[in-house]
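Taking it in order: structure first as structure tokens, then the write-up.
The values are calculated or read from the model by the stated rules, or taken from the named source; none is laboratory data. These numbers come from a predicted model, not from an experiment. As a convention, Cβ positions derive from the backbone with ideal geometry for all residues, glycine included, and neighbour counts pool all protein chains shown.
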Amino acid sequence: MYAYYAATSVGLHPPGKKYLTSMQITQFLVGMSIAVSYLFIPGCIRTPGAQMAVWINVGYLFPLTYLFVDFAKRTYSKRSAVAAKKAE
């Protein structure tokens with residue numbers, strides 16, 4: 001991901017932006033699911049501080065996931081709509 005954004009910052013446009021976005025969204029969803037699962041496994045989190053850390057992690061990942069999904073919808077839905085219009 002960082003290599004892709006480094007390349008775009010110097011004017012290169014490597015392929016795969018859509019797939020990179022999909023992988024990020026997947027990473028966020030899997031990470032959030034694993035983090036929440038720790039809250040329900042008995043004995044997994046032993047201190048209130050650790051439980052708070054999990055909630056902070058989820059609180060960070062939830063809006064980040066929303067932003068990435070919104071970006072993907074706005075960016076890639078337009079492309080598919082434009083391609084569909086061209087095909088007509």
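Quick notes
- Each residue in the range 1-22 was checked for being of a type in the set (A, V, I, L, M, F, W, C), surrounded by 12 or more Cβ atoms within 10 Å (Cβ to Cβ) and under 25 Å from TYR66 (Cβ atoms), and 1 pass.
- Single match in VAL30, VAL36 (criterion: of a type in the set (Val, Ile, Thr) and at pLDDT 95 or above): VAL30
- Taken over the range 23-52, the criterion of being outside any helix (DSSP H, G or I) and surrounded by 10 or more Cβ atoms within 10 Å (Cβ to Cβ) is satisfied by CYS44, ILE45.
- Looking across the range 3-19, the residues that are in a helix (DSSP H, G or I) and among the hydrophobic types (A, V, I, L, M, F, W, C) come down to ALA3, ALA6, ALA7.
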